[in-house]
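Shown next, in structure tokens, is the structure this report addresses.
Throughout, read-outs are computed from the coordinates displayed, never taken from laboratory work. Being a predicted model, the structure only gives us computed values, none of them experimental. Because the Cβ atoms are built from the backbone with ideal geometry, glycine has one as well, and the counts that use them run over all protein chains shown.
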Amino acid sequence: MKLATFQHAGHAVYGVVRGDDYLLPDAEFLRRHPDLLSVLAADALSGLAGATASGAAVVRAADTRALPVIPRPGKIVCVGLNYKTHVAETKRADSEYPSLFLRFTDTLAAQGDEVLRPAFSDRFDWEGELAFVIGRGGRHIAKADAFDHIAGYACFNDISVRDWQRHTHQFTPGKNFPGTAPFGPYLVTRDEVPDVTRLTLETRLNGEVMQHASLGDLIFDIPTIVEYVSRFTPLSPGDVIATGTPGGVGDRREPPRYMKHGDTVEVEITGLGTLRNRIGTDA
């Protein structure tokens, strides 16, 4: 299934993507599971498929406003330096363990949202990534069991305010400006992605390709990430883990290149859709 969260008729709701339409769950299912996070927490994806299988209410996507696929995840864990091409362009040393940082929930944005560059920084950089969403929680999850804990996959843009990222060695501020992490346009359930390593990621700025990589090039693969993260914190349904960006970021180009007001940035992953956002300026 492809699942989307959106605003319709003044309410946040979710549904199954069918072409240019969304199929809404029936009223009873929505009463029990008011958002996708609650669907995942109840292990009710199969029930959602049944609740939209026949006679479902249909909403035209054009009549809705997209929301982040999981609007309020309990955790957003991001992996840095997880492609050899990005490690090389940053001139960093290889690491024995995944490099991790956290994002706040209010940094999420949705498909079509205007992402605001802070007016006091012109170093606003793209980072196209694959994100996965936890379906079944757990602690100390073994690599062999990792995919059993994943609900699905989505595009993610880990947009960075580079000067604020480098004020100190701890770069939390540059990764946590509000609304700077587009996430979507929808969540593709794991059963529709039999081999995530065969997917291709591409980031485009105003139609020009900035990043192009295979998901098979991750240094720390998804099972390794799940095992490592779950060793220090319990993973819960709805938690989001972004797997890192490949080489081609603007900050490491010669000369550097950054996003500016009026630009359009796109992250496309095979079978997961295209996440498209316009860049504005936060006054």
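Determine, for each peptide in 161-169, 185-193, the mean count of other beta carbons within 10 angstrom over its residues, then list the peptides with the highest first. If you can, show how the numbers build up before the last one.
Working: 161-169: 15.3, 185-193: 20.3.
Top to bottom by mean Cβ count within 10 Å: 185-193, 161-169.
Taking every alpha-carbon pair in the chain and binning the separations at 5 Å intervals from zero gives 1, 6, 13, 17, 19, 17, 12, 8, 4, 1, 0, 0 percent. Computed packing ranks the peptides 173-181, 111-119, 99-107 as 173-181, 111-119, 99-107, most packed first, by mean other Cβ atoms within 10 Å. A simple charge model with +1 on the Cβ of Lys and Arg, -1 on the Cβ of Asp and Glu and nothing else charged puts the dipole of the chain at about 440 debye relative to its Cα centre. Dividing the summed -39500 (n - 2.57) terms of all DSSP H runs of n ≥ 4 by the residue count of the chain sets its mean residue ellipticity at 222 nm at -3500 deg cm²/dmol.
Highest mean packing first, where packing is the average number of other Cβ atoms within 10 Å per residue, the peptides 216-224, 58-66, 238-246 line up as 238-246, 216-224, 58-66.
The separation of segment 1-29 from segment 81-130, counted between C-alpha centres, amounts to 29 Å. Dipole magnitude for segment 2-66: computed about the Cα centre from +1 point charges on Lys and Arg Cβ and -1 point charges on Asp and Glu Cβ, it is near 60 debye. Can you work out the PRE-style zone for R65? Point 7 Å along Cα to Cβ, and I want the residues of segment 153-180 with backbone N under 20 Å. Counting only backbone N, you get 178-180. The C-alpha atoms of the chain define a longest principal axis, and helix 222-232 lies at about 90 degrees to it.
Tell me the net charge near S121. Cut-off is 14 Å between Cβ atoms, S121 excluded, with +1 for each Lys or Arg and -1 for each Asp or Glu.
For residues surrounding S121, the net value is +1.
Near F156: Cβ cut-off under 11 Å, other residues only, Lys/Arg at +1 and Asp/Glu at -1. The net charge is -2. Cα-based values for segment 101-194, radius of gyration first and Dmax second, are 15.5, 46 Å.
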